[in-house]
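Everything below concerns the one structure shown next.
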Amino acid sequence: MKYFLLFFSLLSLNGIAQDSSNISPQILTKVKIGQSITVENIRLKFVNVISDSRCPEDVTCVWPGEAEVFLELKKDGKTEEERIVVKATAPTVNGILVAESETKKLFLKALKPYPKTAGKIASGDYCLELIVLKKE
């Protein structure tokens with residue numbers, strides 16, 4: 001009876017396993033201020049951090065805060081948009097959709113480093129974590 005329960009338990013766990021055929025491969029890349037990333041015909045440049053009011057990680061806050069970053073987006077070599085993305089502290093699974101080409105999507109996952117009460121973050125220390133996903 002004990003072996004029957006063990007076999008049944010393992011069999012039921014197999015049915016819960018995630019189907020890996022639906023997972024889209026993703027690339028995580030980091031871009032510092034002044035740098036850019038090119039995905040197909042899109043070039044995204046991280047120009048500056050305008051403001052960073054995110055709650056320090058070693059403090060409990062009522063409001064989580066946000067950060068504003070200035071991004072320059074060029075498509076086919078032409079400046080199509082210059083935009084400010086408000087980065088909340090709790091983004092969606094992939095982050096905030098910033099740009100997309102015919103076959104890829106570019107998401108802003110995080111602004112690093114996360115603030116601490118110990119000191120101010122130097123502008124040269126900031127970097128964006130971006131995720132590139134293949135469109136399905």
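Please give, to one decimal in nm, the separation of the simple spin-label points placed at residue 94 and residue 28, each 7 Å out from Cα toward the Cβ.
1.6
Please list, in chain and number order, the residues 5+ apart from residue 48 or on another chain whose amide H is under 5 Å from its amide H, with Hs placed from the backbone.
70
On the protein heavy atoms, probe 1.4 angstrom, tell me the percent of accessible surface of the range 67-136 carried by carbon and sulfur.
50
Tabulate in residue order the Karplus-calculated ³J(HN,Hα) for the range 113-129, using 6.51 cos²θ - 1.76 cosθ + 1.60 with θ = phi - 60°, rounded to whole Hz; enter x for Gly and Pro.
The phi angles translate into x, 7, x, 10, 6, 5, x, 7, 8, 6, 4, x, 8, 6, 8, 9, 9 Hz.
Quick one: accessible area per residue over the range 70-136, 1.4 Å probe, rounded to a whole number of Å²? Walk me through the intermediate numbers first.
Details: 3910 Å² over 67 residues.
Roughly 58 Å² per residue, with all protein chains present.
The values are calculated or read from the model by the stated rules, or taken from the named source; none is laboratory data. In this text, all values refer to a predicted model and were calculated from it rather than measured experimentally. Note that we place each Cβ from the backbone using ideal geometry, even for glycine, and neighbour counts take in every protein chain shown. With ligands, DNA and RNA removed, areas are computed over all heavy atoms of the protein, side chains included. Shrake-Rupley method; radii C 1.70, N 1.55, O 1.52, S 1.80 Å.
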